[in-house]
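A short reminder: the numbers here are calculations on the coordinates, not readings from a lab. Keep in mind the model is a prediction, meaning the values are calculated, not measured. With ideal geometry, Cβ positions are generated from the backbone for all residues, glycine too; neighbour counts draw on all protein chains shown.
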Amino acid sequence: VSLPILAVTLFLGLLVSVFQAVTQVQEMTLTFVPKLVGVAIILAFMGNWMLTTLVQFMHLCFERASMLGA
């Protein structure tokens, strides 16, 4: 469920780090802003799927937990 966010953050972090190494620009906000924008875009497009998957998982967990007490 969290793979899209982690993958985009990893890719953007690597891309910005390479850019900083090539240009020798060491600005901290340069790494933060692209990651923030990337995560916002991924949440806008995949947030519904992620939430639906987590809700289904929680329903399954509660259903199985109720079977343990019976």
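For the stretch 37-70, how many residues meet the condition of being surrounded by 13 or more Cβ atoms within 10 Å (Cβ to Cβ) and either over 24 Å from Leu12 (Cβ atoms) or free of Cβ contacts under 8 Å to residues at least 12 places away in the same chain (or both)? Working first, answer last.
Here is the first cut: in the stretch 37-70, the residues surrounded by 13 or more Cβ atoms within 10 Å (Cβ to Cβ) are 38-39, 42-43, 46-47, 50.
Of the ones still in play, those that are also either over 24 Å from Leu12 (Cβ atoms) or free of Cβ contacts under 8 Å to residues at least 12 places away in the same chain (or both) are 47.
Adding up the residues that qualify gives 1.
Being surrounded by 11 or more Cβ atoms within 10 Å (Cβ to Cβ) and either touching a Pro at 6+ places or on another chain (Cβ under 8 Å) or not in a loop (DSSP other than H, G, I, E, B) (or both) is the requirement here; does Val22 meet it? Spell out how you get there, then give the answer.
Working: surrounded by 11 or more Cβ atoms within 10 Å (Cβ to Cβ): no; either touching a Pro at 6+ places or on another chain (Cβ under 8 Å) or not in a loop (DSSP other than H, G, I, E, B) (or both): yes.
No: the conditions fail for Val22.
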